[in-house]
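These notes are about the structure you will find just below.
The values are calculated or read from the model by the stated rules, or taken from the named source; none is laboratory data. Everything numeric in this text was worked out from a predicted model, so none of it was measured. No Cβ is skipped: glycine too gets one built from the backbone with ideal geometry, and neighbour counts run over all protein chains shown. With ligands, DNA and RNA removed, areas are computed over all heavy atoms of the protein, side chains included. Shrake-Rupley method; radii C 1.70, N 1.55, O 1.52, S 1.80 Å.
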Amino acid sequence: SMIRDDLHPQLRTALEMMIALFEARWDDVIRHTRWLMDSTFVDPEGFFHWAGALAMAGDKEGALELLERTVEGGYYPASAFVSYPNLDPLRTTSDFGHIVRRAEERQHEAHQAFRAADGPQLLGLPNM
């Protein structure tokens, strides 16, 4: 491998997964991403992108699990869920629709809480 051996194991595996994704080595994408899913990694935005990699690799079940972790972890940009092309293989599943609706609900709740706390005024933004 062209990746240095002295890197943190999670970083090394994430880089190996990305190279496999670029090279369309789907079994390696799944293997590396599944290893990362079982690690202590907890960044929900990372989960979102890894879900796209798994969807492209054909692991719909793993991709949907990561999207669940994404929303539960506090990352729920609903418009990205709808427009991110890597998630296209999931769009016909009912689970995907449920996850998108939950992301939309969480995003709406966050926006309401931001407005209720005078967030726009505190940041000098126009009324939202």
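Looking at segment 1-85, which GluC sites (Glu not before Pro) are DSSP coil and have at most 11 other C-beta atoms within 10 Å of their C-beta? Working shown, then result.
Working: sites: E16, E23, E45, E61, E65, E68, E72; in loops: E23.
Filter output for segment 1-85: E23.
What's the whole-number percent of alpha carbon pairs in segment 56-114 lying beyond 15 angstrom?
Tail fraction, whole percent: 45.
Over the Cα atoms of the chain, Rg to Rh with Kirkwood Rh, two decimal places?
Dividing the radius of gyration by the Kirkwood radius yields 1.07.
What are the ³J(HN,Hα) values, in whole Hz, obtained from phi via the Karplus relation 6.51 cos²θ - 1.76 cosθ + 1.60 with θ = phi - 60°, for each residue of segment 16-30 in sequence order, with x given for Gly and Pro?
Per-residue couplings from phi come out as 4, 5, 5, 5, 4, 4, 4, 8, 6, 9, 4, 4, 5, 4, 5 Hz.
Enter the accessible area of M56 (Å², nearest 10), with the probe set to 1.4 Å and all protein chains included.
Estimated to the nearest 10 Å², M56 gives 80 Å².
Please list, in order along segment 32-49, the HN-Hα scalar couplings obtained from phi with the Karplus expression 6.51 cos²θ - 1.76 cosθ + 1.60 (θ = phi - 60°), rounded to whole Hz, x for Gly and Pro.
5, 5, 4, 4, 5, 4, 8, 8, 8, 5, 9, 7, x, 5, x, 4, 4, 5
Could you calculate the contour length gain from S79 to R25, that is, 0.36 nm times the residue separation minus the distance between their Cα atoms, to one decimal place in nm?
On the way: separation 54, 0.36 × 54 = 19.44 nm, distance 2.85 nm.
Value of the extension gain: 16.6 nm.
Starting at the first residue of segment 53-64, write each ³J(HN,Hα) from the Karplus equation 6.51 cos²θ - 1.76 cosθ + 1.60 with θ = phi - 60°, in whole Hz, x for Gly and Pro.
5, 5, 4, 5, 7, x, 9, 5, 4, x, 5, 5
Which value at 222 nm does the chain reach when only helices count, each DSSP H run of 4 or more adding -39,500 (n - 2.57), with the total divided by all residues and rounded to the nearest 500 deg cm²/dmol?
-21000 deg cm²/dmol
Rank I99, I30, I19 by mean-square fluctuation in a GNM of the chain with C-alpha springs under 10 angstrom and give only the top-ranked residue.
I19
Just to confirm, what accessible area per residue do you get for the chain at 1.4 Å probe, in whole Å²?
Ligands and nucleic acids excluded, the result is 59 Å² per residue.
State the percentage of accessible surface on the chain attributable to carbon and sulfur atoms; use a 1.4 Å probe and exclude ligands, DNA and RNA. Mind dumping the intermediate values first?
Values: 4220 of 7570 Å².
So the carbon and sulfur contribution to the accessible surface is 56 percent.
If you average the sequence gap of Cα pairs under 8 Å that are 6 or more apart and divide by the length of segment 15-128, what percent do you get for the contact order?
Relative contact order comes out at 19 percent.
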